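Comments concern the structure below.
The values are calculated or read from the model by the stated rules, or taken from the named source; none is laboratory data. Quick caveat, the model's predicted, so the values are computed rather than measured. Backbone-built Cβ (ideal geometry, glycine too); neighbour counts: all protein chains shown. To get the accessible areas, we keep the full protein, side chains included, count just its heavy atoms, and leave off ligands, DNA and RNA. Shrake-Rupley method; radii C 1.70, N 1.55, O 1.52, S 1.80 Å.
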Amino acid sequence: GIGKCVALELARRNARTILACRSRERGQEAVQEIREATGNPAVLLRLLDTSSLASVRAFAQAVLREEKRLDLLVNNAGVTGLPFSITPEGLELTFATNYLGPFLLTNLLLG
């Protein structure tokens, strides 16, 4: 998708690139594919589920702790067409995934 294409182009430009993915398996496949296509070993996987504000907070804390700086953030995670459901935190799933999670992540990383 769009996120993978953006990550590929950033890695191609020799940027340290962090893929924030819900699925470890699919994320690791994308990391390997991008590393092989670009020769850039600085492509990393970090787990993030933007529907979970706890996951967003944990991810942001790890990035702020582990990275010297963050030059670019691409928020492109999203879902559509799902049946109505509520997250364990009491939020509507689509709204949490597409809006609240990315908004919180951006604000936590701005600091």
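Quick rundown of the values:
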quantity	calculated
Count - residues of segment 62-91 that are touching a residue at least 40 places away in the same chain (Cβ under 8 Å) and among the β-branched types (Val, Ile, Thr)	2
Meets criteria (among the small types (Gly, Ala, Ser), modelled with pLDDT of 95 or more and under 19 Å from residue 6 (Cα atoms)) for residue 60	no
Total residues in segment 1-42, condition within 26 Å of residue 97 (Cβ to Cβ) and not in a loop (DSSP other than H, G, I, E, B)	26
Verdict on residue 23 being outside the structural domain of residue 90 (by the TED database), hydroxyl-bearing (Ser, Thr, Tyr) and either open to solvent by less than 70 Å² (accessible area, probe 1.4 Å) or under 21 Å from residue 105 (Cβ atoms) (or both)	yes
Given (1) under 19 Å from residue 6 (Cα atoms); (2) surrounded by 14 or more Cβ atoms within 10 Å (Cβ to Cβ), index of the condition residue 93 fails	(1)
